[in-house]
């Protein structure tokens with residue numbers, strides 16, 4: 001057998017650019033400002049060890065047996081109370097990424113239109129490409145989605161990251177949240193609200209979620225990856241019970257249920273108060289790192305490079321003058337010892353060449369300034385070539 | 001919003017019969033011989049507690065961070081050495097069910113043909129229904145697949161459970177394994193070999209896997225659910241590296257990676273020798289329970305009911321005279337205090353009405369005889385109505 005006959009959809013799964021970027025960015029001596037991963041020093045290792053012992057002691061074999069597809073009851077109840085919904089509105093998933101996949105599986109026929117922000121989270125595009133989604137892009141500014149640019153024709157789904165967006169870090173203000181919800185209600189569009197970073201605010205909690213304003217017409221994706229640890233792969237979807245039922249059917253075929261042991265451990269962590277303390281600990285660290293990075297950007301970036309100061313989350317988004325191509329520049333930057341994520345990775349249409357994403361959370365503080373300086377040098381040269 | 005516009009494929013995800021059966025079978029006082037779940041008393045709770053502490057101690061935050069989609073290196077290496085393949089041929093999955101889903105995602109276009117045994121594992125049908133598979137059924141007897149009945153036209157995939165099949169418990173003998181592999185090679189058909197029970201033999205280990213006879217043209221699905229614990233959701237696919245690469249691409253979009261913590265715990269369990277001891281412990285228990293159940297069947301079943309003594313695994317398959325409808329009989333059986341799984345659940349075409357599956361592993365020994373007696377009474381009455 002010389003080759004294998006793959007399904008047609010596999011052609012839509014390939015993403016050679018991202019893979020190549022990841023490979024390049026891992027070179028020795030490169031300071032990576034590219035990662036989308038939490039700071040490992042926030043992980044509550046000892047608390048997870050304790051919660052594991054407690055879970056096995058209290059739950060015994062029930063933490064190790066096949067369990068309900070929707071999730072273990074105490075964890076669903078905890079999530080429901082945390083989010084002000086009923087347990088029947090909660091599906092436990094293997095990270096938010098699985099929530100995105102299941103939503104695609106249950107809602108998207110080939111060619112269905114999904115409204116996404118420009119830029120948007122690339123993992124959602126990867127998840128929905130599998131199902132043949134077509135994307136409509138909604139313009140954004142430093143405060144997120146621009147409601148006046150929302151389309152007249154109704155897409156099937158509208159995907160929004162209102163709080164400390166990935167990649168821009170922007171926070172959608174109250175009046176825009178109202179406008180987006182009003183638009184969705186008027187058009188009969190199902191909102192998909194992705195909120196991995198909402199608990200990571202530096203000063204004030206974000207305005208109320210879109211889901212809470214329109215519970216019958218929204219799906220909300222949450223995760224414990226950013227406030228406990230991503231290696232637990234524990235996320236959730238909040239949706240009307242009828243939709244949860246469909247998503248659970250889809251999940252049963254996909255992997256039966258998420259790890260029971262991990263769910264029991266997370267329920268114990270919640271009871272131990274660890275989730276609340278993690279939120280505070282992570283916020284404090286990320287606030288401090290964001291301030292540092294913003295200081296370095298101010299100190300070193302050449303004129304013409306702009307950014308909006310993030311009020312939470314993990315990222316800052318740099319916009320350069322038109323003509324700079326951050327994708328073409330990437331290999332050169334890596335040679336100069338710094339990695340970032342080029343803007344086009346976050347664009348459903350491959351645009352946004354003159355922008356890039358930096359993280360401030362997973363880069364150690366002793367090399368952060370050096371990383372920003374290296375990047376500033378690379379950008380200065382690029383800007384000089386333009387003029 | 002009065003209703004939601006689901007994708008067309010959701011119509012293929014519904015399985016009201018199985019859901020209703022599950023609900024009915026959980027009634028108070030019903031002895032369930034229906035379950036497909038391992039005996040919880042085999043779960044190594046203390047060893048998992050120890051392995052968890054070891055994993056966090058040795059791996060630290062690496063057990064809790066985002067990790068490679070293909071799986072943690074030490075676990076891939078352990079699986080590879082266990083199965084006599086290279087680590088590059090191994091993808092760690094969230095249980096075998098996810099392996100089935102990813103295979104469907106990577107190989108099946110709508111309308112593609114998959115050869116399945118009659119009867120076959122219902123979870124595979126659920127997984128592939130999502131992708132619009134059509135099924136060709138291959139006849140079986142008490143020794144599994146009948147090679148002479150294999151089709152002349154090549155299906156896209158051929159799905160086989162050669163060792164202690166679910167639901168029949170049958171073991172495909174050496175000469176039939178050779179014949180199936182020869183057929184697949186001649187037709188250029190990719191084999192999908194599902195082997196959750198191969199390690200649960202009562203006397204002799206099964207003949208060599210199909211995959212080992214044709215590594216370039218086979219995918220092998222393994223799991224730790226039946227020898228450690230299903231609640232860990234740890235399975236794997238073995239395939240050519242080129243296919244593993246495609247499956248990993250698909251998995252990245254589906255859930256990024258399987259739980260890193262659980263993988264580290266499993267790698268520790270392997271190093272502690274727990275997997276080997278679990279195999280022995282589980283075999284011993286299941287062998288004893290199978291003998292008990294076979295004795296009770298001999299004692300109580302009316303004439304006309306036939307079964308093949310399983311040499312491993314978790315199930316025994318009863319064949320009744322034509323005309324008995326185990327699906328129609330199910331509710332009555334539950335009223336009489338016993339549950340089983342009706343044959344049609346395992347049929348891609350809804351046939352096999354005169355057969356049913358019993359488990360001997362997850363029913364406590366003090367009620368096993370009572371359960372078999374109740375079922376025997378129900379079947380006696382049904383047979384009396386026939387004549």
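Pick from A:150, A:157, A:146, A:191: which is farther than 22 Å from residue A:205 by Cβ and within 14 Å of chain B (Cβ to nearest Cβ)? Explain how you work it out, then say what you get.
Working: A:150 fails: within 14 Å of chain B (Cβ to nearest Cβ); A:146 fails: within 14 Å of chain B (Cβ to nearest Cβ); A:191 fails: farther than 22 Å from residue A:205 by Cβ.
Just one listed residue meets the conditions, A:157.
Is it the case that some residue within the range B:344-365 is within 27 Å of the chain's Cα centre (by Cα) and within 13 Å of residue B:30 (Cα to Cα)?
Of the range B:344-365, the ones within 27 Å of the chain's Cα centre (by Cα) are B:344-365.
Cutting the leftovers down to within 13 Å of residue B:30 (Cα to Cα) gives us B:363-364.
Among the residues of the range B:344-365, at least one is within 27 Å of the chain's Cα centre (by Cα) and within 13 Å of residue B:30 (Cα to Cα), which makes the answer yes.
What number of residues within the range B:352-380 satisfy the criterion of being at positive phi and touching a strand residue (DSSP E or B) at 6+ places or on another chain (Cβ under 6 Å)? Before the answer, list the steps.
First, the residues of the range B:352-380 that are at positive phi: B:352.
Checking which are touching a strand residue (DSSP E or B) at 6+ places or on another chain (Cβ under 6 Å) leaves us with none.
Result for the range B:352-380: 0.
Does residue B:61 satisfy the condition of being in contact (Cβ under 8 Å) with a residue 24 or more places away in the chain and under 21 Å from residue B:257 (Cα atoms)? Let's see the steps before the verdict.
Details: in contact (Cβ under 8 Å) with a residue 24 or more places away in the chain: no; under 21 Å from residue B:257 (Cα atoms): yes.
So residue B:61 does not fit the description; no.
Which of the residues that make up the range A:103-125 are buried (at least 22 other Cβ atoms within 10 Å of the Cβ), facing chain B (nearest Cβ under 9 Å), assigned to a helix (DSSP H, G or I) and in contact with a helix residue (DSSP H, G or I) (Cβ under 8 Å, 6 or more places away or on another chain)?
A:104, A:105, A:106
Having 1 or more residues that are more than 13 Å from chain A (Cβ to nearest Cβ) is the bar; report the helices (runs of 4 or more DSSP H) wholly within the range B:1-85 that clear it.
Details: elements: B:16-25, B:45-59, B:73-83.
Fully inside the range B:1-85 and qualifying: B:16-25, B:73-83.
It is to be established whether one or more residues within the range B:265-274 are over 20 Å from the mean Cα position of the chain (by Cα), more than 14 Å from chain A (Cβ to nearest Cβ) and part of a helix (DSSP H, G or I).
Looking through the range B:265-274, at least one residue is over 20 Å from the mean Cα position of the chain (by Cα), more than 14 Å from chain A (Cβ to nearest Cβ) and part of a helix (DSSP H, G or I).
May I ask you to verify whether residue A:92 is within 30 Å of residue A:267 (Cβ to Cβ), touching a strand residue (DSSP E or B) at 6+ places or on another chain (Cβ under 9 Å) and surrounded by 24 or more Cβ atoms within 10 Å (Cβ to Cβ)? Break it down stepwise before answering.
On the way: within 30 Å of residue A:267 (Cβ to Cβ): yes; touching a strand residue (DSSP E or B) at 6+ places or on another chain (Cβ under 9 Å): yes; surrounded by 24 or more Cβ atoms within 10 Å (Cβ to Cβ): yes.
Yes: the conditions hold for residue A:92.
Name every residue in the range A:279-303 that is assigned to a loop (DSSP other than H, G, I, E, B) and either within 15 Å of residue A:357 (Cβ to Cβ) or at pLDDT below 95 (or both), in order of residue number.
First, the residues of the range A:279-303 that are assigned to a loop (DSSP other than H, G, I, E, B): A:301-303.
Residue satisfying the conditions is A:301 alone.
Taking the criterion of being touching a strand residue (DSSP E or B) at 6+ places or on another chain (Cβ under 6 Å), part of a helix (DSSP H, G or I) and over 19 Å from residue B:367 (Cα atoms), would at least one residue in the range B:339-346 satisfy it? Talk me through it step by step, then tell me what you get.
Quick first cut of the range B:339-346, residues touching a strand residue (DSSP E or B) at 6+ places or on another chain (Cβ under 6 Å) only: B:339-343.
Add one more test, that the residue is part of a helix (DSSP H, G or I), and what stays is B:343.
Within this subset, residues satisfying the condition of being over 19 Å from residue B:367 (Cα atoms) are B:343.
Looking for residues that are touching a strand residue (DSSP E or B) at 6+ places or on another chain (Cβ under 6 Å), part of a helix (DSSP H, G or I) and over 19 Å from residue B:367 (Cα atoms), one finds at least one in the range B:339-346, hence yes.
If a residue must be within 11 Å of chain B (Cβ to nearest Cβ) and either touching a strand residue (DSSP E or B) at 6+ places or on another chain (Cβ under 8 Å) or surrounded by 23 or more Cβ atoms within 10 Å (Cβ to Cβ) (or both), how many such residues does the range A:227-245 contain? Before the answer, list the steps.
At the first step, the residues of the range A:227-245 found to be within 11 Å of chain B (Cβ to nearest Cβ) are A:228-235, A:239-240, A:242-243, A:245.
Then keep just the ones that are either touching a strand residue (DSSP E or B) at 6+ places or on another chain (Cβ under 8 Å) or surrounded by 23 or more Cβ atoms within 10 Å (Cβ to Cβ) (or both); that gives A:228-235, A:239, A:243.
Final tally of qualifying residues: 10.
Hey, can you tell me all the residues within the range B:126-180 that are at positive phi and either in contact with a strand residue (DSSP E or B) (Cβ under 6 Å, 6 or more places away or on another chain) or in a helix (DSSP H, G or I) (or both)? Before the answer, list the steps.
Initially, the range B:126-180 is screened for residues at positive phi, giving B:132, B:144, B:164, B:169.
If the condition is that a residue be at positive phi and either in contact with a strand residue (DSSP E or B) (Cβ under 6 Å, 6 or more places away or on another chain) or in a helix (DSSP H, G or I) (or both), then B:164, B:169 are the ones that fit.
May I ask you to list the residues in the range B:178-205 that are under 18 Å from the mean Cα position of the chain (by Cα) and either in contact (Cβ under 8 Å) with a residue 40 or more places away in the chain or over 21 Å from residue B:93 (Cα atoms) (or both)?
B:192, B:194, B:196, B:197, B:198, B:199, B:200, B:201, B:202, B:205
Considering A:111, A:95, A:198, which residue is at pLDDT 95 or above and over 22 Å from residue A:37 (Cβ atoms)? Even if it seems obvious, please write down each step before you answer.
Working: A:95 fails: over 22 Å from residue A:37 (Cβ atoms); A:198 fails: over 22 Å from residue A:37 (Cβ atoms).
Of A:111, A:95, A:198, the one residue that is at pLDDT 95 or above and over 22 Å from residue A:37 (Cβ atoms) is A:111.
Within the set of pairs 6+ apart or on separate chains, which have a first residue in the range A:145-166 that is over 30 Å from residue A:37 (Cβ atoms), a second that is in a loop (DSSP other than H, G, I, E, B), and C-beta atoms under 7 Å apart?
A:154/A:188; A:154/A:189; A:155/A:189; A:156/A:108; A:156/A:112; A:156/B:5
The values are calculated or read from the model by the stated rules, or taken from the named source; none is laboratory data. Keep in mind the model is a prediction, meaning the values are calculated, not measured. A quick note on method: Cβ atoms are made from the backbone with ideal geometry, for glycine too, and the neighbour counts reach across all protein chains shown.
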